[in-house]
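Asks: What follows is a structure written as structure tokens; I'll ask about it next.
The values are calculated or read from the model by the stated rules, or taken from the named source; none is laboratory data. For clarity, every value in this text was computed on a predicted model and none was experimentally measured. Neighbour counts run over all protein chains shown; Cβ positions are idealised from the backbone, glycine included.
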Amino acid sequence: MRGHPVYAAMGTTIFEHMSGLSRELGAINLGQGFPDGQGPPALLDAAARALREKSNQYPPMAGLPELRDAVAAFYSRRQRLNLTREQVIVTSGATEALAAAIFALVQPGDDVLIFQPAYDAYAPLIRRAGGVPVPIDLHPPAWRYERAAIIAAITPRTRAMILNDPLNPTGTVASAADLAMLAEICVAHDLVAICDEVWEEVRFDGVPHRSLIDFPGMASRAVKIGSAGKIFGLTGWKLGWMCAAPALASLMARAHQFLTFTSPPPLQWAVAEGLALPDDWFAAQAADWAAGRARLKQGLESAGFVVLPNAATWFLCIDLPRSGLAMDDQICCERAVREAGVAAIPVSAFFDGGVPGPILRLCFTKPADQLDSAVKRLSHFRQAQLSAG
Ligand code: PMP
Ligand code: GLN
């Protein structure tokens, strides 16, 4: 049996691969992004209560009305957006929202602009929809959006762009000027923007998140995607949503109804409660993540690694050559997990050609002792490479 060509030549994702190796070898897993621990007790209690007290049968296809309202209220409070329940469709994680948005909006032969580094799901989903991913390279260390490069990539077939802001894996954030420029391009060229904003609550620069959907002309042509997995550090829950103008939202809901149809109702109830937690609660959670970030950064820098500047996500990136490690990042990851017992993610995995140089991504939402041990191990690994010349 021949499979679909999009999948036939493909391995498992880099995240699955590195986590698998990490489990097998008993390594410290700073690869795939997830916080250690059980997760916020308020959310766990709410889910346990809902499991016992609420219905465990199919909820409405677009999501529990209470959760759709809670998402709209959350964005009104945190980002000053004016959304209604009709504009929110609950999905099984941001991944399903991406799939539904792409399947609903991309037709065979459409070009879709993506910015590299690009999250691994984008290109295969676009291709499976019959579209053509058109990568535009961003460059370290700022990873800025360059107008000329974007304009040069646009053709009469260009239908959409996917913007991931804040950006995984670099942890950088688009400036308000960049967002205004992207909005202007979308309007001028009649493009839909699929905005992957799963990292919106994981920012350490003190700047409130601003969505592309909030820029002039974008309300009718942007899809804003969020994930409870990232907002609450509960990645296994796989609960997310997509928000858009009512006509776009109902189109995407048609795609969603034949992907997963619905998501587990106890988790929907719990996330609805969680989104109503006070601002202080979110500040405390971000402060906890920021402490891990500072610890890993300081440890790595003391050990001689060059950490790239960033402002968001659960990740820090190391510039390998400037850290004295002149090796390919995929090879470095394969060796580090085996020889040092630390799993990381090679940033080149987010590129389809045009890799800017070997960079390693490390996740810092781990207990202090794990971060300290990981730094020690990576430091020994680095020293061994330097001595070997
Ligand atoms: N987009 C980006 C940029 C991500 O980093 C992730 C997960 N890390 C996802 C989408 C997927 O989110 P979810 O687990 O909610 O499907
Ligand atoms: N998005 C997560 C990361 O960047 C991984 C998600 C996955 O494993 N597919 O680490």
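Asks: Being under 16 Å from Leu163 (Cβ atoms) and outside any strand (DSSP E or B) is the requirement here; does Ala118 meet it?
Replies: Yes, satisfied.
Asks: For residues in the stretch 68-90 being touching a Leu at 6+ places or on another chain (Cβ under 8 Å) and among the hydroxyl-bearing types (Ser, Thr, Tyr), which is farthest from ligand 2 (Cβ to nearest atom)?
Replies: Ranking the qualifying residues of the stretch 68-90, first place goes to Ser76.
Asks: Moving on to the next point. For the stretch 104-115, indicate whether the set of residues that are crowded, with 16+ Cβ neighbours inside 10 Å and within 16 Å of ligand 2 (Cβ to nearest atom) is non-empty.
Replies: Taking every residue of the stretch 104-115 in turn, at least one turns out to be crowded, with 16+ Cβ neighbours inside 10 Å and within 16 Å of ligand 2 (Cβ to nearest atom).
Asks: Going through Thr91, Thr95 one at a time, which residue ends up being surrounded by fewer than 22 Cβ atoms within 10 Å (Cβ to Cβ), hydroxyl-bearing (Ser, Thr, Tyr) and in contact (Cβ under 8 Å) with a residue 12 or more places away in the chain?
Replies: Sole residue among the options that is surrounded by fewer than 22 Cβ atoms within 10 Å (Cβ to Cβ), hydroxyl-bearing (Ser, Thr, Tyr) and in contact (Cβ under 8 Å) with a residue 12 or more places away in the chain: Thr95.
Asks: Another one. So Asp288 clears everything in (1) assigned to a helix (DSSP H, G or I); (2) touching a residue at least 40 places away in the same chain (Cβ under 8 Å) except one condition, right? Which one?
Replies: (2)
Asks: Could I ask something else about it? Which of the residues belonging to the stretch 193-207 are of a type in the set (Phe, Trp, Tyr) and closer than 22 Å to Ala100 by Cβ?
Replies: Answer for the stretch 193-207, where residues must be of a type in the set (Phe, Trp, Tyr) and closer than 22 Å to Ala100 by Cβ: just Trp199.
Asks: What are the residues in the stretch 207-242 that are in a loop (DSSP other than H, G, I, E, B), away from ligand 1 (no atom under 13 Å from the Cβ) and either within 15 Å of the chain's Cα centre (by Cα) or surrounded by 19 or more Cβ atoms within 10 Å (Cβ to Cβ) (or both), if any?
Replies: The answer is His209, Arg210, Ser211, Phe215, Met218, Arg221.
Asks: Take the stretch 254-268 and flag every residue that is more than 16 Å from Ala129 (Cα to Cα), within 23 Å of the chain's Cα centre (by Cα) and crowded, with 20+ Cβ neighbours inside 10 Å.
Replies: Result: Ser263, Leu267, Gln268.
Asks: Next question. Determine whether Asp165 is in contact with a strand residue (DSSP E or B) (Cβ under 9 Å, 6 or more places away or on another chain), of a type in the set (Asp, Glu), within 16 Å of ligand 2 (Cβ to nearest atom) and at pLDDT 95 or above.
Replies: Answer is yes for this residue.
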